[in-house]
Amino acid sequence: MKISTLSKISPWLAVLAICTFSLPAQADQYQRCVSLVERDPNAGYDMALDWEASDLTGGAFHCSGLSLARLGLFDAAAERFTRAATQGQGMNDVERATLFRQSGEAWLLANQGLEAVNAFTRALEYVPQDPALLYGRARAYDVTEQPGDAFRDANAAITFDPSRGAPYLLRARLNRQLGQLSDAARDIETAIATGIDMVPAQLERGLIRFEQNDNSGALEDWRAVVAADITPEGKSGFASLAATRFIAELEAKAAENP
């Protein structure tokens, strides 16, 4: 099958691998199921459940997982992606790794870091040294407050693909938390140079500058985040709200010590 990502769910559910169904009829049913999920996730889930009894490819489990993810039921979606990876027949290593990666991403969206670590680890058993999988597991280790393991995997992801900005952003934050501010500043500038989304990058750079006692630089970054991080509904995004809080705290401190 060609594994559908329904990337509107989250950027983290977008995967790169391509899979193929061995039976055209199964491929057609899979595509019908995924198309239905895009229009009506509840109906798509019902279709996937009806199909599971006769499906041997893992496509039904995967389609139901996409439905659950669209409905915001990320832990249940992760379990379906795992069942697709373990029970689907006729897949190659890259295809199974893709499904385990989707499971890991869904576990992260459910804020279940340990489960995400396990999913990414299983994916890496099929495709060792894959930078996207290493970065995914680094994020999972970070969620579970295992900075040493997160740092190790972020380093490895950068080693295998130094062109991706996200691992540098993660490593910048880890370096900042370890008090290694020069390394953090270097990593954040490298992340920005790759063309990464400036909202999280400037939020982090502001924190690094603050720790370096560069209050004016921190304010410049955080004010840029507040201006840029606006939802389609015109509301402040999560990064904007965080930056607003940081600005208020810094300005209050400055007022206390004029």
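The values are calculated or read from the model by the stated rules, or taken from the named source; none is laboratory data. Just so it is clear, the structure is predicted and the values come from calculations on it, not from any experiment. When we count neighbours, we look across all protein chains shown, and the Cβ atoms used for this are built from the backbone with ideal geometry, even at glycine.
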Checklist entry - Got a sec? Which helices (runs of 4 or more DSSP H) wholly within segment 21-86 have at least 3 residues that are over 20 Å from Gln102 (Cα atoms)? => result 24-39, 41-52
Item to check | Search result, residues across segment 179-237 that are part of a helix (DSSP H, G or I), of a type in the set (S, T, N, Q) and either surrounded by 15 or more Cβ atoms within 10 Å (Cβ to Cβ) or in the same structural domain as Leu250 (by TED's automatic domain parsing) (or both) | outcome: Thr190, Gln202, Asn215, Ser216
Checklist outcome for this item: Ala154 meets each of (1) of a type in the set (A, V, I, L, M); (2) modelled with pLDDT of 95 or more; (3) closer than 21 Å to Gln31 by Cβ with one exception, condition (3)
Checklist entry - Which of the residues belonging to segment 104-117 are under 17 Å from Pro128 (Cα atoms) and among the small types (Gly, Ala, Ser)? => result Gly104, Ala116
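Yes or no, residue by residue, for (1) part of a helix (DSSP H, G or I); (2) outside the structural domain of Asp214 (by TED's automatic domain parsing); (3) out of contact with any Asp or Glu (no Cβ under 8 Å at 6 or more places or on another chain); (4) without any contact (Cβ under 8 Å) to a residue 40 or more places away in the chain:
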{"site": "Ala119", "(1), (2), (3), (4)": "yes, yes, yes, no"}
{"site": "Tyr135", "(1), (2), (3), (4)": "yes, yes, no, yes"}
{"site": "Arg139", "(1), (2), (3), (4)": "yes, yes, yes, yes"}
{"site": "Asp142", "(1), (2), (3), (4)": "yes, yes, yes, yes"}
{"site": "Ala150", "(1), (2), (3), (4)": "yes, yes, no, yes"}
{"site": "Ala154", "(1), (2), (3), (4)": "yes, yes, yes, yes"}
{"site": "Ala157", "(1), (2), (3), (4)": "yes, yes, yes, yes"}
{"site": "Arg171", "(1), (2), (3), (4)": "yes, yes, no, yes"}
{"site": "Asn175", "(1), (2), (3), (4)": "yes, yes, no, yes"}
Item to check | Residue count for segment 69-83, restricted to those that are touching a Pro at 6+ places or on another chain (Cβ under 9 Å) and farther than 16 Å from Gln112 by Cα | outcome: 2
Checklist entry - What are the residues in segment 92-117 that are part of a loop (DSSP other than H, G, I, E, B) and either within 15 Å of the chain's Cα centre (by Cα) or surrounded by 24 or more Cβ atoms within 10 Å (Cβ to Cβ) (or both), if any? => result Ala110, Asn111, Gln112
Checklist entry - Residues of segment 81-91 being at pLDDT 90 or above and either of a type in the set (Ser, Thr, Tyr) or over 18 Å from the mean Cα position of the chain (by Cα) (or both), which ones? => result Thr82, Arg83, Ala84, Ala85, Thr86, Gln87
Checklist entry - Residues of segment 119-132 being touching a Gly at 6+ places or on another chain (Cβ under 8 Å) and either aliphatic (A, V, I, L, M) or farther than 19 Å from Pro167 by Cα (or both), which ones? => result Ala119, Ala123
Checklist entry - So Ala78 fits all but one of (1) surrounded by fewer than 24 Cβ atoms within 10 Å (Cβ to Cβ); (2) modelled with pLDDT of 95 or more; what number is the exception? => result (1)
Item to check | Complete set of residues in segment 159-169 that are surrounded by fewer than 16 Cβ atoms within 10 Å (Cβ to Cβ) and not in a helix (DSSP H, G or I) | outcome: Asp161, Pro162, Ser163
